Amino acid sequence: MSTAFTKEESAETASETLLPDRPISPHPNLVTEAGLKGLDLQRQKAREAYDAASTIEDVNERRRQAAIPLRDMRYFSERIRTAQVVPDPASFDIVAFGSTVTFRRDDGRVQKYRLVGEDEADPKSGSISFASPVGTSLMGKAIGDIVNVGDQELEILAIS
């Protein structure tokens, strides 16, 4: 096998393993204290995965295994750099970033979510992004207010 062929193959593999950056939201990067710690933990995990991939002898396999952790390190580093830590709300009169809101949907379901940053949102664990359609509709509202989200009405029952 000629050296030229090997180099060409390596260049093609390298271009295949350079992943595009993860998209960055246009919204302000608001985070809770826990959210900032979570971003740092994710960056550390990506670094550990990258370091582990760096020990692989086969250069092409090393590039493949390092591609995702490298992209994630760039993403989490940027999110940490632009993070704006928002303290917990001092009042429960209106919905604000960090508030936990209980609301009733049209169909009678009662749901409770904490409004947090985009990277820390996890609806299954009871948190949604302040920038989500529900989050943006709830921000600035008070108990008893009714907000429209798509074709649904949500009535705010409690803020904590």
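Observations on the model:
- Residue in segment 138-157 that is under 18 Å from the mean Cα position of the chain (by Cα) and over 21 Å from residue 22 (Cβ atoms) present: no
- Residue satisfying all of: in segment 79-91; loosely packed, with under 15 Cβ neighbours inside 10 Å and not hydroxyl-bearing (Ser, Thr, Tyr); farthest from residue 130 (Cα to Cα) among these: 81
- Just one of (1) surrounded by fewer than 19 Cβ atoms within 10 Å (Cβ to Cβ); (2) at pLDDT 95 or above fails for residue 60. It is (2).
- Segment 116-148, residues that are of a type in the set (Val, Ile, Thr) and either surrounded by fewer than 17 Cβ atoms within 10 Å (Cβ to Cβ) or more than 29 Å from residue 83 (Cα to Cα) (or both): 136, 143, 146
- The set of residues from segment 93-105 being open to solvent by 60 Å² or more (accessible area, probe 1.4 Å) and touching a Leu at 6+ places or on another chain (Cβ under 8 Å) comprises just one member, 104.
- The lone criterion from (1) buried (at least 17 other Cβ atoms within 10 Å of the Cβ); (2) without any contact (Cβ under 8 Å) to a residue 40 or more places away in the chain; (3) touching a Lys or Arg at 6+ places or on another chain (Cβ under 9 Å); (4) not hydrophobic (A, V, I, L, M, F, W, C) left unmet by residue 113 is number (3).
- Pick from segment 149-160, criterion open to solvent by 50 Å² or more (accessible area, probe 1.4 Å) and touching a residue at least 24 places away in the same chain (Cβ under 8 Å), ranking: nearest to residue 100 (Cα to Cα): 160
- When the residues of segment 45-57 are filtered to those that are open to solvent by less than 90 Å² (accessible area, probe 1.4 Å) and not hydrophobic (A, V, I, L, M, F, W, C), the one that is nearest to the chain's Cα centre (by Cα) is 50.
- Only residues that are in contact with an Asp or Glu (Cβ under 8 Å, 6 or more places away or on another chain) and surrounded by fewer than 16 Cβ atoms within 10 Å (Cβ to Cβ) were counted in segment 29-44, giving 1.
- Meets criteria (more than 17 Å from residue 42 (Cα to Cα) and either modelled with pLDDT under 95 or among the charged types (D, E, K, R) (or both)) for residue 93: yes
- Put simply, of 20, 26 the only residue that is assigned to a loop (DSSP other than H, G, I, E, B), modelled with pLDDT under 95 and open to solvent by 50 Å² or more (accessible area, probe 1.4 Å) is 20.
The values are calculated or read from the model by the stated rules, or taken from the named source; none is laboratory data. Just so we're clear, the structure is a prediction, and the values are computed from it rather than from any experiment. FYI the Cβ positions are ideal-geometry reconstructions off the backbone, even for glycines, and counts take in every protein chain you see. Surface areas here come from the heavy atoms of the whole protein model, side chains and all, with no ligands, DNA or RNA. Shrake-Rupley method; radii C 1.70, N 1.55, O 1.52, S 1.80 Å.
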